[in-house]
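The values are calculated or read from the model by the stated rules, or taken from the named source; none is laboratory data. No experiment lies behind these values; they were computed from the predicted model shown. With ideal geometry, Cβ positions are generated from the backbone for all residues, glycine too; neighbour counts draw on all protein chains shown. These accessible areas exclude ligands, DNA and RNA; they are computed on the full protein's heavy atoms, side chains included. Shrake-Rupley method; radii C 1.70, N 1.55, O 1.52, S 1.80 Å.
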Amino acid sequence: MFSARTETSSEARATIDRLATETVSFRDFSAAPDDLIAEYNGALTAFVPHDKMHLFHIGKGNYVGDTTHAGAYFPGGVFRRLVERARIDFDVLLLERQQQTPSR
């Protein structure tokens, strides 16, 4: 069994910055593509503390519509706002994460 690769904080910052640029045109009524959501969620693990993950992570429970059928989507405008929030809060969240990590 393979575990997902965790991004470093600099890789996560680059991902979030790129997503911020790519989502400029997203509107509230558009759908955010699943591949961008997966990149976003993957980047979160590098800097969002576990106790704040629920504020940023996009799970299937956040989708609009029945996720057991094709057609469920995550609103593009909401995705854009989450990406921007993560980008703006990156340094604060990274500092919090580093403070929660016990030093050896």
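With the Cα gyration tensor of segment 54-104 giving a ≥ b ≥ c as the square roots of its eigenvalues, does the rule (a/c under 1.5 for rounded; else a/b larger than b/c for prolate; else oblate) give rounded, prolate or oblate? Note, shape of segment 54-104 comes out oblate.
Compared with the dominant principal axis of the Cα atoms in the chain, helix 76-100 is inclined by about 10°.
Annotation for segment 20-104: chymotrypsin sites (Phe, Trp or Tyr not before Pro) lying in DSSP loop with at most 10 further Cβ atoms inside 10 Å of their Cβ are F29.
The residue among T101, G65, L82 whose Cα reaches farthest toward the positive pole of the charge dipole of segment 31-104, with charges on the beta-carbon of Lys, Arg, Asp and Glu, is T101. Surface composition of the chain: carbon plus sulfur atoms hold 56% of the accessible area, using a 1.4 angstrom probe and ignoring ligands, DNA and RNA. Site pair E84 and D35 shows an inter-label distance of 2.5 nm when each label is modelled 7 Å from Cα along Cα→Cβ. Per residue, the chain exposes 65 Å² of accessible surface when a 1.4 Å probe is rolled over the protein heavy atoms with every protein chain present. Helix 34-44 and the long axis of the chain differ in direction by around 20°, with both axes built from C-alpha atoms. When the chain is treated as a GNM with alpha-carbon contacts under 10 Å, the residue of A86, A70, A38 showing the greatest mean-square fluctuation is A70.
Here r is the Cβ-Cβ distance between V92 and A70 and R0 is 41 Å; the resulting FRET efficiency, rounded to 0.05, is 0.60.
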